[in-house]
Every structure is written in structure tokens, then in C-alpha cells.
Amino acid sequence: MTFASRNLAILGASGSIGHSTLDVVAASNGRFRVHGLTAHKHLKEVVEKARPFAPKLIVATDPDAAASIDPSTLPAGTTLLHGADGIQKLVADPEVDIVVAAIVGSAGLTGTWLAIDAGKTVALANKESLVMGGPLIMDLAAERGATILPVDSEHSAVFQALQAGRHREVQRVILTASGGPFRTFSQEDLERATVEQALAHPTWQMGPKITIDSATMMNKALEVIEARWLFDLPPEKIEVVIHPQSIVHSLVEFVDGSVIAQLSPPDMRLPIQYALSYPDRMPGSARRLDLGQSFQLDFQPPDLERFPALSLGLEVARAGGTAGAVLNAANESAVENFLNGKLRFVDIVAACRDVLKQHTFDVNPSLDALLRIDAWAREEIAKWVCT
Ligand code: MG
């Protein structure tokens with residue numbers, strides 16, 4: 001069988017998902033091509049890494065990094081573009097089939113938005129886009145005929161499991177969580193938790209922001225919100241279960257009691273590849289489940305006392321409106337301050353709850369209002385750090 005190759009635009013090529021996407025492309029036997037990519041601070045590395053892929057466009061989103069590039073060192077045939085205008089040109093390029101939205105944090109919202117506005121298929125790794133503006137983004141996708149395919153491993157699992165039944169037959173969606181490095185820590189241990197301990201994830205190799213989110217379980221809270229909008233599910237149909245091995249990536253229970261799960265070793269190349277090849281499947285480079293060795297799959301309910309982020313996530317998923325943007329921005333800023341030694345580990349979620357409590361809720365915000373409240377929440381965290 002022959003396939004037409006699909007042209008990709010990778011937004012955020014220097015991060016962990018960006019690297020894994022390039023691995024998937026390299027192993028795809030020409031099925032996928034890199035048409036263009038964006039890079040922020042690590043532009044130089046990205047230019048080098050991208051060389052074998054001969055991209056037509058590279059977008060520099062950080063002016064300082066852009067200034068440090070000698071144009072004569074660009075791969076032959078590559079044009080350098082800049083900033084949000086550059087992203088817009090890249091995602092709207094008629095030659096681009098799929099946009100991989102892999103920029104970390106709220107900085108990824110604009111790129112996701114522009115790609116959807118251009119009516120593209122978006123392989124969405126930037127969960128923050130949906131956490132911040134889920135209803136707006138899903139409405140825009142419907143209006144523009146854009147398709148959003150999940151890259152987040154849990155959501156990819158849910159997306160695959162959902163194909164076993166109809167939407168109205170879904171009883172509940174169960175997102176698995178590894179529990180992170182602090183799964184077995186006592187409350188006292190959590191109060192003394194260091195940056196180094198928080199960055200040592202037991203099963204997944206990821207960037208620092210998501211690794212800290214995994215330690216607080218805020219990552220799962222954000223994923224509940226992401227699932228709520230992506231799959232149009234009421235929050236009461238979304239549950240979280242701790243599964244330390246990270247092999248079952250999530251489960252869907254249907255009304256008849258059947259539970260369908262997706263299993264594979266923890267390796268992001270699989271959900272990335274599925275989003276790129278969908279609706280087809282193809283051989284790839286992701287690690288495979290080895291049933292020649294005995295292994296265990298454990299499941300346990302989450303401890304909401306030690307991991308209060310989970311309840312906060314459910315509250316925000318129920319509230320909708322501006323709540324997601326506030327939680328996301330407060331968390332991003334709190335994580336940054338924790339990494340810089342200015343906030344204790346247990347203060348990350350406490351500060352988020354405090355900022356959420358203080359914000360003026362708007363049930364139906366515009367994109368501009370979301371960006372304004374994002375900035376406001378960051379200022380509030382700054383005050384929290386000083387007191
Ligand atoms: Mg995930």
C-alpha cells in the first residue's frame with residue numbers, strides 16, 4: 001500500500017514532544033515530512049536538528065535567539081520567519097496538512113488558535129490551550145472545519161477507546177495517573193519536597209513544567225479539564241485512577257459495563273504517531289509491550305487530601321468560563337517560582353486555589369479576556385511569592 005506523505009508544521013520543536021515528533025517523522029519512511037517548525041530560545045539547536053528534514057520554513061519566536069542566527073547557516077531552501085506573523089504564515093500555508101501544537105504552557109494558545117482558524121488538522125499536545133479556552137477553541141474548530149486530535153497519552157487512549165461505542169453510550173472516562181514521584185510521600189514529606197525530588201519522575205521523561213505538574217498532580221487536573229472540552233463530557237463522567245506503571249493510558253466504561261483500555265509502554269512516540277497517521281495505523285519506533293516477561297498492573301484511588309490539585313481541577317472543569325485560564329496561569333507561574341526556589345512545593349496548589357478564589361468570574365469570556373486574566377493571575381502569584 002502506498003500513502004501520500006503528510007506535511008507537518010511543528011510548533012515548539014525544541015521541547016520533549018517536538019523531539020519525539022522528529023523521531024516519528026524520521027522513522028516514518030517518508031510518510032510524514034517536516035514542512036516547517038518553530039523554535040523559541042533553542043533556535044540554534046533546532047536549526048541543526050532540523051537540517052536532515054530540510055524544512056521550507058523555520059519560525060523564530062524569540063528575537064534574541066533569532067538575532068544570534070547567521071542566515072548563511074540555514075539549511076538550503078529554508079526561509080526564516082519571525083514571531084506570531086511567522087507562525088500565522090506557517091500554519092496557514094496550503095502545503096501544511098497537520099499542525100503539531102507542542103509549545104509548552106499558555107504561550108502555545110496563539111499557535112493552536114491560528115492553526116484551528118486556518119482549518120487545519122491539529123495534533124494537540126498543548127493541553128493548556130483547552131484548559132484556558134476549551135469552549136472557544138472547540139467552537140472555532142467546528143466553525144472552521146478543523147479537526148483536533150489528542151497527543152496527550154491519556155487523551156489519545158480515550159480517543160482510541162471511544163471508537164468502541166457511541167458517545168451517548170459512555171458511562172464514564174477514567175484517566176490514569178502515574179501518581180508522580182510523590183505518590184507514596186506523607187504530608188510531612190511533601191512539605192519538605194525539593195525541586196530535585198519533584199523533577200525525578202518514575203515512569204515518564206518529560207520537560208520540567210509537566211514533570212512538576214505530575215508531582216503535584218496538577219497535570220491530571222489539567223487533563224480532566226482538557227478531556228471535558230475535547231470529548232464534550234460532563235465533569236461528573238470523568239474520573240482519575242492511580243496506575244503507577246503507566247501502561248494503561250486511560251479507560252472508557254460504556255453503559256453496559258464494558259471497560260475498554262489502551263495499553264503500551266510509556267513512550268510518547270506512539271500517541272504522536274497515531275495523531276499523525278489517524279485514521280490509519282502504521283508500524284513505528286515506539287517501544288512495545290513485552291508479554292514474555294511477567295509484570296503487574298496496579299490501580300488505586302487517588303488521595304485527594306495529599307493531592308488537592310485534583311479536586312481543584314474538577315471544580316474548574318465544572319465552572320468553565322475564565323476559571324481554566326486562571327488556574328492554568330496561576331499554576332504556570334507558581335511552578336516557575338517553585339523551580340526558582342521562591343515557593344514551597346505544597347504552596348503551588350495552595351496559591352492556585354487562593355488566586356482562583358479572588359478572581360472575578362466571567363462565564364463567557366472572549367479570547368482577549370482570557371489573555372488579560374492570564375496576565376492578572378500571574379501578577380497575583382507574584383504577590384503570593386512576596387508575602
Ligand atoms: Mg498526559
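If SER294 passes every condition in (1) open to solvent by 70 Å² or more (accessible area, probe 1.4 Å); (2) touching a residue at least 24 places away in the same chain (Cβ under 8 Å) but one, which one does it miss?
SER294 satisfies all of (1) open to solvent by 70 Å² or more (accessible area, probe 1.4 Å); (2) touching a residue at least 24 places away in the same chain (Cβ under 8 Å) except (2).
Over 20 Å from the mean Cα position of the chain (by Cα), assigned to a helix (DSSP H, G or I) and buried (at least 22 other Cβ atoms within 10 Å of the Cβ): does that describe LEU90?
yes
How many residues are part of a loop (DSSP other than H, G, I, E, B), open to solvent by less than 20 Å² (accessible area, probe 1.4 Å) and within 15 Å of the ligand (Cβ to nearest atom) if we restrict to the stretch 232-245?
Residues meeting the conditions: 1.
Only one of MET132, MET138 is in contact (Cβ under 8 Å) with a residue 40 or more places away in the chain and touching a Gly at 6+ places or on another chain (Cβ under 7 Å); which?
Checking each option against the conditions leaves just MET132.
To keep it simple, each residue is scored yes or no on (1) closer than 19 Å to ILE98 by Cβ; (2) in contact with a Gly (Cβ under 7 Å, 6 or more places away or on another chain); (3) assigned to a strand (DSSP E or B).
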site	(1), (2), (3)
ILE10	yes, yes, yes
ILE17	yes, no, no
VAL25	yes, no, no
ARG33	yes, no, yes
GLY36	yes, no, yes
ARG51	no, no, no
ILE58	yes, yes, yes
ALA66	no, no, no
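Quick one: is GLN187 more than 21 Å from the chain's Cα centre (by Cα), of a type outside the set (D, E, K, R), open to solvent by 10 Å² or more (accessible area, probe 1.4 Å) and farther than 30 Å from ARG168 by Cβ?
Answer is yes for this residue.
From the list LYS56, LYS89, LYS49, exactly one residue is modelled with pLDDT under 95 and on the phi < 0 side of the Ramachandran plot. Which is it?
Going through LYS56, LYS89, LYS49 in turn, just one is modelled with pLDDT under 95 and on the phi < 0 side of the Ramachandran plot: LYS49.
Out of all the residues in the stretch 357-387, which are open to solvent by less than 30 Å² (accessible area, probe 1.4 Å) and under 23 Å from the mean Cα position of the chain (by Cα)?
Matches in the stretch 357-387: PRO365, ALA369, LEU370, ILE373, ASP374, ALA377, ILE381.
Please determine, by comparing only the residues of the stretch 311-321 that are closer than 17 Å to ALA377 by Cα and not small (Gly, Ala, Ser), which one is surrounded by the fewest Cβ atoms within 10 Å (Cβ to Cβ).
The residue in question is LEU312.
Can you find even one residue in the stretch 322-336 that is over 20 Å from TRP384 (Cβ atoms) and open to solvent by less than 50 Å² (accessible area, probe 1.4 Å)?
Checked against the condition, which is being over 20 Å from TRP384 (Cβ atoms) and open to solvent by less than 50 Å² (accessible area, probe 1.4 Å), the stretch 322-336 yields no hits at all.
Table: residues versus (1) in a helix (DSSP H, G or I); (2) open to solvent by less than 20 Å² (accessible area, probe 1.4 Å); (3) modelled with pLDDT under 95; (4) within 16 Å of the ligand (Cβ to nearest atom).
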| residue | (1), (2), (3), (4) |
| --- | --- |
| ALA76 | no, no, yes, no |
| VAL104 | no, no, yes, yes |
| ILE116 | yes, yes, no, no |
| ILE137 | yes, yes, no, no |
| ALA142 | yes, no, no, no |
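Please verify whether ALA334 is within 20 Å of the chain's Cα centre (by Cα) and at pLDDT 95 or above, treating the condition exactly as stated.
Considered against the rule, which asks whether it is within 20 Å of the chain's Cα centre (by Cα) and at pLDDT 95 or above, ALA334 comes out as yes.
Go through the stretch 16-38 residue by residue and tally those that are open to solvent by less than 10 Å² (accessible area, probe 1.4 Å) and modelled with pLDDT under 95.
Residues that pass the stated criteria total 0.
Exactly one condition in (1) touching a Gly at 6+ places or on another chain (Cβ under 8 Å); (2) within 30 Å of ILE247 (Cβ to Cβ); (3) of a type in the set (A, V, I, L, M); (4) open to solvent by less than 20 Å² (accessible area, probe 1.4 Å) is not met by LEU109; state its number.
The failed condition is (2).
Which one of these does ILE210 not meet: (1) at positive phi; (2) within 13 Å of the ligand (Cβ to nearest atom)?
(1)
The values are calculated or read from the model by the stated rules, or taken from the named source; none is laboratory data. All figures in this text were calculated on a predicted structure; none of them were measured in a lab. Methodologically, a virtual Cβ is constructed for each residue, glycine included, from the backbone with ideal geometry; neighbour enumeration extends over all protein chains shown. Ligands, DNA and RNA are stripped out before the accessible areas are found, and what is left, the full protein with its side chains, is counted by its heavy atoms. Shrake-Rupley method; radii C 1.70, N 1.55, O 1.52, S 1.80 Å.
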